[in-house]
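Participant: One structure follows; several queries about it will come next.
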Amino acid sequence: MSKYLITGGAGYIGSHVVKQLIEKKNDIVIVDNLSTGFQKTVNTLKKYALTKKVKLGFYKLDLADSKKLETVFAKENVQGVIHFAASIVVSESVRDPLKYYSNNTGNTINLLKACLKYKVNKFIFSSTAAVYGDPDPKTIPLKESGITIPISPYGSSKLFNEKIIQDVAFANTNFKYVILRYFNVAGASVDGMLGQSTKDATHLIKIALETTLGKREKMFINGTDYNTPDGTCIRDYIYVDDLASAHIKSLYYLNKNKGGIFNCGYGKGFSVKDVISMMKKVSGNDFKVETTKRREGDPAIVIADNSKIVNEMDWKPKYDDLKIMCETALAWEKKL
Ligand code: UFG
């Protein structure tokens, strides 16, 4: 049994990873400032930990407060860190870049300093497909070794972190890391325990959910003139529990390896129209959809080449299925 410190464990992806770590009988320490995470999620996870007879501690703490952060490290004696906590709204990052460079990059430096000071040598980092920016269609599916030119401060803040983590690993022989580049994460846990509660309503699936449940009168497709089969943008949607299992695999991977960067996607894409059709099908509601102009900065196609994680970590996704992503997300949204 190990103990892991999870930053952002009260958030969407972090909470799903905590759940799987609990199932694998690990003790957990969540550090979250609850700016976008929820106390309710922590309570749910605490109850779950009790049923599995593992310990779950929670610190409401901002990673900017390095003194308090170090007291957590001093007290808890963790074997590894999984770092989710971040600001994640691409458009906001364009308006307020310093928020992103301080919350995402500056705070990651604080966390890394604490890791080095307390000799915590396993570090898993949530990165993003946004590091690829607006990729040349010829480079799809995207490989980890491909060009990274982010087009938003959000993407840059994550790419800086990747570089910083790699430099720290180079300078410190014992420090090991996995960087996971998430593609479009979707869905909620099949048992209904967890889901995405974030108020952020810019993501396609979230907006489709709100529309089908009548929280919005209609939704818009942002551009139908892309060079894709139906003219709308294509993304690689990955089910949140499959993404969570990639983190568990990463911890195993670090038992034998120094580190690496891995794409997390299924290697196939769905268009905006595909997603909307699926949402209409699973909800049984033909909600109103209109078209509007392109959203600035949207690449036409973003699809992962996932062969590295499949081959090197033996990652086996279980729910490579847009229908399950939409159904579970809908079931969760109905409860909000
Ligand atoms: N879209 C619509 N209508 C909407 C909402 C979205 O047509 O109401 C379209 C977008 O324009 C885009 C596609 O649906 O073409 C997917 O958009 P999302 O906002 O759901 O997701 P993105 O692909 O823009 O963003 C995702 C992650 C980001 C990450 C980025 C990197 O959510 O965190 O991928 O590629 F930075």
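Participant: From the residues in the range 260-289 that are assigned to a strand (DSSP E or B) and of a type in the set (Gly, Ala, Ser), which one is farthest from the ligand (Cβ to nearest atom)?
Facilitator: Within the range 260-289, the first condition is being assigned to a strand (DSSP E or B), and the residues that meet it are 260-264, 270-271, 289.
Then keep just the ones that are of a type in the set (Gly, Ala, Ser); that gives 260, 271.
Values: Gly260: 20, Ser271: 9 Å.
For the range 260-289, the residue satisfying everything is Gly260.
Participant: Being in contact with a Ser or Thr (Cβ under 6 Å, 6 or more places away or on another chain) and more than 15 Å from the ligand (Cβ to nearest atom) narrows it down to one residue among Val168, Val178; which is it? Lay out the reasoning, then the answer.
Facilitator: Working: Val168 fails: in contact with a Ser or Thr (Cβ under 6 Å, 6 or more places away or on another chain).
Only one candidate passes the filter, namely Val178.
Participant: Can you name the residue in the range 77-93 that is surrounded by fewer than 18 Cβ atoms within 10 Å (Cβ to Cβ) and modelled with pLDDT of 95 or more and, of all such residues, is nearest to the ligand (Cβ to nearest atom)? Step through it out loud before you land on a result.
Facilitator: The first filter runs over the range 77-93 and keeps only residues surrounded by fewer than 18 Cβ atoms within 10 Å (Cβ to Cβ), leaving 77, 79, 91-92.
Retained after the next criterion (residues that are modelled with pLDDT of 95 or more): 77, 79.
Details: Asn77: 33, Gln79: 29 Å.
Applying the filter and picking the extreme gives Gln79.
Participant: Examine the range 271-279 for a residue that is crowded, with 17+ Cβ neighbours inside 10 Å and under 21 Å from Lys143 (Cα atoms), and state whether such a residue exists.
Facilitator: yes
Participant: Under 7 Å between Cβ atoms, which residue pairs at least 6 apart in sequence (or on different chains) link something in the range 136-154 that is within 21 Å of Tyr266 (Cβ to Cβ) with a partner that is assigned to a loop (DSSP other than H, G, I, E, B) and of a type in the set (Asp, Glu)?
Facilitator: Once the first residue is within 21 Å of Tyr266 (Cβ to Cβ) and sits in the range 136-154, its partners that are assigned to a loop (DSSP other than H, G, I, E, B) and of a type in the set (Asp, Glu) give Pro141/Asp305; Leu142/Asp305; Lys143/Asp305.
Participant: Considering (1) touching a residue at least 40 places away in the same chain (Cβ under 8 Å); (2) crowded, with 24+ Cβ neighbours inside 10 Å; (3) outside any loop (DSSP other than H, G, I, E, B), say which one Val18 fails and leave the rest.
Facilitator: So the condition that Val18 fails would be (1).
Participant: Could you tell me whether Phe160 is among the aromatic types (Phe, Trp, Tyr), away from the ligand (no atom under 14 Å from the Cβ) and without any contact (Cβ under 8 Å) to a residue 24 or more places away in the chain? Steps first, answer last, please.
Facilitator: Numbers: among the aromatic types (Phe, Trp, Tyr): yes; away from the ligand (no atom under 14 Å from the Cβ): yes; without any contact (Cβ under 8 Å) to a residue 24 or more places away in the chain: no.
So Phe160 does not fit the description; no.
Participant: Pull up the range 197-236, narrow it to residues that are among the polar types (S, T, N, Q), within 12 Å of the ligand (Cβ to nearest atom) and modelled with pLDDT of 95 or more, then point me to the one that is surrounded by the most Cβ atoms within 10 Å (Cβ to Cβ). Steps first, please.
Facilitator: Narrowing the range 197-236 to residues among the polar types (S, T, N, Q): 197-198, 202, 211-212, 222, 224, 227-228, 232.
Those left that are additionally within 12 Å of the ligand (Cβ to nearest atom): 198, 202, 211, 222, 224, 228, 232.
If we keep only those that are modelled with pLDDT of 95 or more too, we end up with 211, 222, 224, 228, 232.
Values: Thr211: 22, Asn222: 17, Thr224: 17, Thr228: 18, Thr232: 24.
The selected residue is Thr232.
Participant: Additional query: So Ala331 fits all but one of (1) in contact with a Leu (Cβ under 9 Å, 6 or more places away or on another chain); (2) farther than 27 Å from Pro150 by Cα; what number is the exception?
Facilitator: (1) is the only condition that Ala331 fails.
Participant: For the range 28-52, enumerate the residues that are under 15 Å from Lys3 (Cα atoms), over 19 Å from the mean Cα position of the chain (by Cα) and in contact (Cβ under 8 Å) with a residue 24 or more places away in the chain.
Facilitator: Ala49, Lys52
Participant: Looking only at the range 203-241, which residues are under 16 Å from the mean Cα position of the chain (by Cα) and either under 23 Å from Phe38 (Cβ atoms) or not in a loop (DSSP other than H, G, I, E, B) (or both)? Before the answer, list the steps.
Facilitator: Keep residues of the range 203-241 that are under 16 Å from the mean Cα position of the chain (by Cα), which gives 203-206, 235-241.
Within the range 203-241, His203, Leu204, Ile205, Lys206, Arg235, Tyr237, Ile238, Tyr239, Val240, Asp241 qualify.
Participant: Please specify each residue of the range 252-262 satisfying the condition of being closer than 12 Å to Leu180 by Cα and either surrounded by fewer than 22 Cβ atoms within 10 Å (Cβ to Cβ) or within 11 Å of the chain's Cα centre (by Cα) (or both). Walk me through it before giving the result.
Facilitator: The first filter runs over the range 252-262 and keeps only residues closer than 12 Å to Leu180 by Cα, leaving 259-262.
Matches in the range 252-262: Gly259, Gly260, Ile261.
Participant: Take the range 94-140 and flag every residue that is of a type in the set (Val, Ile, Thr), within 24 Å of Val18 (Cα to Cα) and within 16 Å of the ligand (Cβ to nearest atom). Write out each step before concluding.
Facilitator: Let us first name the residues in the range 94-140 that are of a type in the set (Val, Ile, Thr), namely 94, 105, 108-109, 120, 124, 128, 131, 139-140.
If we keep only those that are within 24 Å of Val18 (Cα to Cα) too, we end up with 105, 108-109, 120, 124, 128.
Across the range 94-140, the qualifying residues are Thr105, Thr128.
The values are calculated or read from the model by the stated rules, or taken from the named source; none is laboratory data. It should be emphasised that the depicted structure is a prediction, and the values quoted were computed from it without experimental measurement. Cβ coordinates were reconstructed from backbone atoms using ideal geometry, including for glycine residues, and neighbour counts include every protein chain displayed.
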